[in-house]
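The numbers here are math on the coordinates, done by the rules we state, and not lab data. Because the structure is predicted, anything quoted here is derived from the model rather than measured. Here the Cβ is made from the backbone with ideal geometry for all residues, glycine too, and neighbour counts use every protein chain on show.
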Amino acid sequence: MGERFYARLAWDCLRKNSRFYVPYLLTVAGAAAGFYMLATTGDPAGMADPGDVRAIMRMCTVVLALVCGGFLLYTNGFLMKQRGREFGLYAVLGLDRANMTRLLAWETALTAAIGVGGGLAGGVLLDRLLLLTLAKLTGRTYLGPVIYGRCLALTAGVFLLILGLIFAANVVRVGRMRPSDLLISGNVGDKEPKSRWFIALVGIALLGTGYGIAIGRPALMGSVTQDDILWFFAAVLLVIFGTFALFLAGTVTGLKLLRRWKGYYYKARHFISVSGLIHRMGRNAAGLAIICILSTAVLVMVSSTVCLRMGLESHLRGYFPRDVMCEFGSMVEEDWDGLLDGALEEARAAGYHPESVVRYTWWEYGWDDDRVVNAVNLYFLDGAGYEDMTGRHADLAPGQVLTTAPGDTLTVMDTTFTVAGHLDRDDDPAAVYMTRALGLEDPLLQGEHQQLVVADADAIAALRLEAENYRAGDPHYSCGFGTFVMHCVDFDLPAGEDTHGCLGVIRQYVYDNHAHEGSFADGSKDIGQTRGDLLVEYGSLLFLGLFLGTLFLGGAALLIYYKQVSEGYEDRQRFAVMRKVGMDEVLVRRSVHSQILLVFFLPLVTAFCHMAAAFPLVARLLEIWDMLDRGLFLLCTVGTAAAFAVVYTAVYLLTARVYARLVGR
Amino acid sequence: MALLEVEDLQKTYTSRFGGQAVHALTGVSFSLEEGEFAAVMGESGSGKTTLLNVVASLDRPTAGRVLLAGRDMADLPERELAAFRRDNLGFVFQEFNLLDTFNVRDNILLPMVLAGRSRREMDQVLPELAARLGIREILDKYPYEISGGQKQRTAVARALILSPCLVLADEPTGALDSRSSDGLLALLDSVNAGGQTVLMVTHSVKAASHAGRVLFIKDGTLYHQLYRGEDDQGRFYGRISDVLTALAGGRSDG
């Protein structure tokens with residue numbers, strides 16, 4: 001028989017099974033398009049200023065290839081199960097293994113041509129849009145080619161490899177079956193699933209351990225480290241395996257317990273649902289577990305990345321009491337007032353309009369005496385700065401300070417100050433301002449060990465000199481102190497003025513005019529520049545969260561569709577019989593609803609449980625990106641969950657119609 | 001009064017787009033006394049399955065009426081039909097139609113559970129019935145684990161569990177080998193001997209020869225009927241064959 005025959009036959013096969021093959025081809029195409037697009041975001045030819053983004057994207061590309069491979073292999077297995085009878089018929093009609101292999105080869109070739117070809121075309125079309133979205137989210141301009149040859153080749157290679165593996169799996173699968181088995185497969189002879197206590201218990205143990213890590217670990221954590229990320233992934237793996245075990249064994253075991261409870265089981269509603277569910281669970285557990293895990297992945301990714309992005313501005317403001325924060329220091333005595341005045345004048349001359357100007361001087365001193373036990377960091381602020389920040393005159397006599405520290409006196413090295421007034425660390429505007437300006441918000445550094453001291457500028461300079469020689473060589477005593485007394489001028493700019501440009505002008509002036517003796521320090525920063533940096537990071541993460549979230553959601557939706565259709569076919573006959581035996585339409589509908597509802601909302605509810613359990617640990621991991629706002633994360637989590645529930649329900653309702661059409665009269 | 005009365009029953013199928021109408025039944029009347037065992041015979045397409053479906057209230061007649069124990073099924077609203085069917089009719093199908101999600105016990109109990117009967121009643125009725133049908137040993141097995149004959153016995157048990165006034169059998173031996181067929185027919189005989197009214201649609205002369213009366217359907221009308229009377233099964237078999245020959249010949253003669 002000629003190749004044309006097989007090509008025709010393969011084409012007919014795909015057409016005849018279009019109810020299953022169209023979604024499958026769409027999946028292949030969607031996965032290929034998604035993969036291509038993700039690959040382009042990591043391509044060197046792409047983004048003008050790639051930075052970290054490229055590395056993250058590349059890593060995700062690898063992960064996505066694995067996920068796509070697994071997912072396609074699974075859906076293909078599902079498809080082949082539906083086609084058992086068809087292959088049986090071919091075997092009876094005389095197609096031997098070699099013939100069947102050729103048929104499968106043609107089918108694979110067609111799938112590759114349509115699926116991968118279509119996917120690449122779609123990918124190229126949508127890629128521009130996607131890259132523009134990425135550019136928008138990361139706040140950069142996008143310049144790049146329309147078609148990425150390297151990515152096209154990579155995508156084609158990866159998907160041809162995946163389809164090749166699937167082809168091999170199918171050849172083995174068809175070769176192993178006997179024609180007689182093939183003829184009845186997909187119909188009856190479905191054994192009742194066994195209850196597997198052991199696996200169910202293992203599932204509970206795995207899930208419990210995973211939850212335990214996610215909930216218990218944050219309490220044990222100091223600051224977030226690499227280890228915690230490893231712990232997180234360990235918890236993720238435990239929960240994935242636990243979910244599989246629990247869905248595979250736990251549900252059936254639980255339902256069988258219900259069946260043994262005769263008073264419950266022999267009621268019209270429960271009778272049909274419980275027995276139906278036992279069978280459904282037996283064959284669908286893996287699919288439901290996958291839906292659950294995909295859903296959880298979507299929920300966690302989207303909620304955390306949305307949270308990061310939404311928290312960007314307030315996070316930024318936390319470190320920027322003013323838009324531009326100039327901060328300089330040098331080893332030699334200089335007229336800093338004059339220098340900074342000149343710098344501000346220069347900025348005004350360049351067309352900038354600084355407002356809400358704050359001028360201050362600060363210095364940091366900390367010591368650790370193992371005979372006193374506690375380390376203390378003192379942040380000294382000069383009186384003029386205090387006045388700028390609070391609008392109150394500090395009114396300090398020589399030897400007097402204002403401080404957040406308790407006590408009537410404050411001793412620093414050999415100098416003892418009288419405390420003229422106590423400042424409230426949470427309420428005093430200067431304390432609040434300095435906490436933000438110095439980035440002291442890290443909760444681990446808060447509390448007793450950080451104190452603000454308002455002192456005379458000369459006293460601060462004297463302390464710095466004293467610190468250089470104090471107790472050098474004492475093994476019990478160590479101290480750390482700022483090398484420089486820092487001189488700052490902070491100000492806002494009207495909306496639209498370039499903060500980084502303005503800082504540039506000021507820097508230039510200071511660089512040109514300072515004494516150029518000894519070392520010099522520049523700790524200046526501006527909100528525009530920092531915002532841009534953070535946008536690249538958070539925007540890329542948000543992009544990934546949304547992109548992978550959409551892809552996974554599509555996968556879950558596809559699985560749901562497949563389930564509805566295959567179950568519709570199975571249940572059609574079952575309900576026809578029950579109608580004849582005297583089941584009325586109301587009971588049919590109720591029973592259908594309760595089963596389907598449970599089957600489809602079980603993964604969703606489980607996913608919500610996983611998400612809730614993951615919350616504490618994910619919240620801690622977000623600290624890596626300086627996200628400390630638990631309230632915002634909770635809001636994002638709840639919002640994401642709600643949005644996801646809506647989409648999930650919509651997918652369910654749409655596919656449920658297919659099911660209703662199949663079982664309806 | 002007759003248990004089942006069928007009066008001038010007509011059924012016309014019209015295709016959805018108003019194309020050609022198919023007259024499946026063009027006026028069938030007969031009645032069935034309590035305790036009778038009647039068979040309906042006819043070629044494929046003669047309308048016998050339609051007749052059974054209408055009698056079973058699975059299908060509504062175009063004209064005419066069906067009275068079961070004096071009640072007109074057309075009077076019953078759709079939502080009461082299911083309950084009516086459950087309480088008064090038992091079904092035995094050619095393809096057994098056992099549910100693969102239930103074991104034998106639960107398949108048999110299905111009508112009882114749907115009817116909301118108590119568990120005590122189930123425990124009373126089931127063991128006796130299962131013993132009578134010889135399926136007590138397989139109650140815990142699943143349909144895929146038992147033979148065709150056992151499946152059909154299970155189906156009969158399901159049909160009888162609520163003690164319906166009429167058992168309808170649609171080609172009950174159609175999917176069985178000859179030994180299993182003999183067993184099933186003997187079973188129907190004994191069920192009938194216990195006073196149960198049975199209406200069976202069949203192709204098989206042998207199956208029909210177990211009945212006390214055979215109705216022949218041709219082209220949607222009642223063509224002929226035979227009473228077994230005092231004949232033994234062999235003689236009755238011969239008479240049925242003769243009528244079938246005439247039935248087939250009648251067509252070739254025009």
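Look at the dipole of region B:4-253 built from charges on Cβ: of B:ALA208, B:LEU9, B:VAL54, the Cα furthest out on the positive end belongs to B:VAL54.
For chain A, DSSP calls about 75 percent of its internal beta bridges antiparallel. Cα extents for region A:1-189 along the principal axes, largest to smallest and rounded to whole angstrom: 62, 34, 24. Size descriptors for chain B, from the alpha-carbon set: Rg then Dmax equal 18.5, 61 Å.
For chain A, a crude dipole built from +1 on the beta carbon of Lys and Arg and -1 on the beta carbon of Asp and Glu, taken about the Cα centre, is about 9000 debye to the nearest 20. Structure remark: mean-square fluctuation, Gaussian network model of chain B, C-alpha springs under 10 Å; the largest value among B:GLY47, B:GLY70, B:GLY35 belongs to B:GLY70. Across peptide A:259-271, the mean count of Cβ atoms from other chains lying within 10 Å of each residue's own Cβ comes to 3. In summary, the aspartates and glutamates within cross-link reach of A:LYS194, defined as a Cα separation below 18 angstrom excluding same-chain residues under 8 places away, comprise B:ASP100, B:ASP106, B:ASP140, B:GLU145. Hydrodynamic estimate: the Kirkwood radius of the protein assembly as shown over Cα pairs, inserted into Stokes-Einstein at 20 °C and 1.002 mPa s, corresponds to D of 61 µm²/s.
Using Cβ point charges alone (K and R +1, D and E -1), the dipole size of region A:1-189 about the Cα centre works out to roughly 360 debye.
Dimensions of region B:24-113 along the principal axes, based on C-alpha atoms and rounded to the nearest Å, stand at 42, 32, 26, largest first.
Taking the number of other C-beta atoms within 10 Å as the exposure measure, put A:HIS500, A:HIS353 in order starting with the fewest.
On the way: A:HIS500 15, A:HIS353 12.
Fewest-to-most Cβ neighbours within 10 Å comes out as A:HIS353, A:HIS500.
Against the compact-protein benchmark of 2.2 N^0.38 Å, the Cα-based radius of gyration of region A:402-530 scales to 1.28.
Among beta bridges identified by DSSP and lying wholly in chain B, the antiparallel ones come to about 55 percent. Legend: ranking of residues B:TYR144, A:TYR6 from fewest to most surrounding C-beta atoms inside 10 Å; resulting order B:TYR144, A:TYR6.
Working note: Debye formula, equal point scatterers on the alpha-carbon atoms of region A:207-273, no solvent; log10 I(q)/I(0) at q = 0.11, 0.19, 0.28 Å⁻¹ is -0.46, -0.75, -1.10.
Think of region A:188-337 as having a plus end and a minus end, set by charges on the Cβ of Lys, Arg, Asp and Glu; of A:ALA245, A:GLY276, A:THR209, A:GLY276 sits farthest toward the positive end of this dipole. Remark: mean inter-chain Cβ contacts per residue of A:579-591 equal 6, using a 10 Å Cβ-Cβ cutoff to other protein chain atoms. Distance from the alpha carbon centroid of region A:640-665 to that of region B:144-214 works out to 43 angstrom.
Sorted from fewest to most neighbouring beta carbons within 10 Å, what does the list A:TRP261, A:TRP367 look like? Can you show the working numbers first?
Numbers: A:TRP261 11, A:TRP367 20.
Lowest to highest Cβ neighbour count: A:TRP261, A:TRP367.
Largest mean-square fluctuation among B:TYR13, B:TYR227, B:TYR237, in a Gaussian network model of chain B whose springs join Cα atoms under 10 Å apart, belongs to B:TYR13. By the rule of a C-alpha distance below 27 Å, with chain neighbours fewer than 8 residues away ignored, the lysines paired with B:LYS11 are A:LYS580, B:LYS48, B:LYS218.
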